[in-house]
Amino acid sequence: QVQLVESGGGLVQAGGSLRLSCAAFGYFFSINAMGWYRQAPGKQRELVAALTSGGRTNYADFVKGRFAISRDNAKNTVYLQMNSLKPEDTAVYYCAAPLPRPDYWGQGTQVTVSS
């Protein structure tokens, strides 16, 4: 059974940082592209960052230069380092795999950025 379990969300002031983690269980983590999505209240879910098995990254324009996605294959974990956070980054963040059409989603972790 595949499980993606996110952690690391919370409340932070604008300009602050958070690091999200997504641990994958029962999944061939290292050979598939994985990504982070987010969904704000009243908005559609959107792709934030993606990471291929070969280490190639792709970011949405609204996080370029501020967020970084990475993975630790030994720990079956993918990370999202979020810096210079803005109130508009407030959302539930989900990890998902495989990209581009995920079959598996985590339960989500809330990120709230106060102004």
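The values are calculated or read from the model by the stated rules, or taken from the named source; none is laboratory data. Values in this document were obtained by computation on a predicted structure and should not be read as measured data. No Cβ is skipped: glycine too gets one built from the backbone with ideal geometry, and neighbour counts run over all protein chains shown. Keep in mind that these areas ignore ligands, DNA and RNA; they rest on the heavy atoms of the full protein, side chains included. Shrake-Rupley method; radii C 1.70, N 1.55, O 1.52, S 1.80 Å.
For the range 24-51, the set of residues classified as surrounded by 15 or more Cβ atoms within 10 Å (Cβ to Cβ) and β-branched (V, I, T) consists of V48 only. Within the range 97-114, restricting attention to residues that are small (G, A, S) and open to solvent by less than 30 Å² (accessible area, probe 1.4 Å), the residue that is farthest from G55 (Cα to Cα) is G108.
Applying the selection to the range 80-96, what residues are open to solvent by less than 30 Å² (accessible area, probe 1.4 Å), of a type outside the set (D, E, K, R) and out of contact with any helix residue (DSSP H, G or I) (no Cβ under 8 Å at 6 or more places or on another chain)? Spell out the reasoning first.
At the first step, the residues of the range 80-96 found to be open to solvent by less than 30 Å² (accessible area, probe 1.4 Å) are 80, 82, 85, 89, 91, 93, 95-96.
Add one more test, that the residue is of a type outside the set (D, E, K, R), and what stays is 80, 82, 85, 91, 93, 95-96.
Of everything in the range 80-96, those that are open to solvent by less than 30 Å² (accessible area, probe 1.4 Å), of a type outside the set (D, E, K, R) and out of contact with any helix residue (DSSP H, G or I) (no Cβ under 8 Å at 6 or more places or on another chain) turn out to be L80, L85, A91, Y93, C95, A96.
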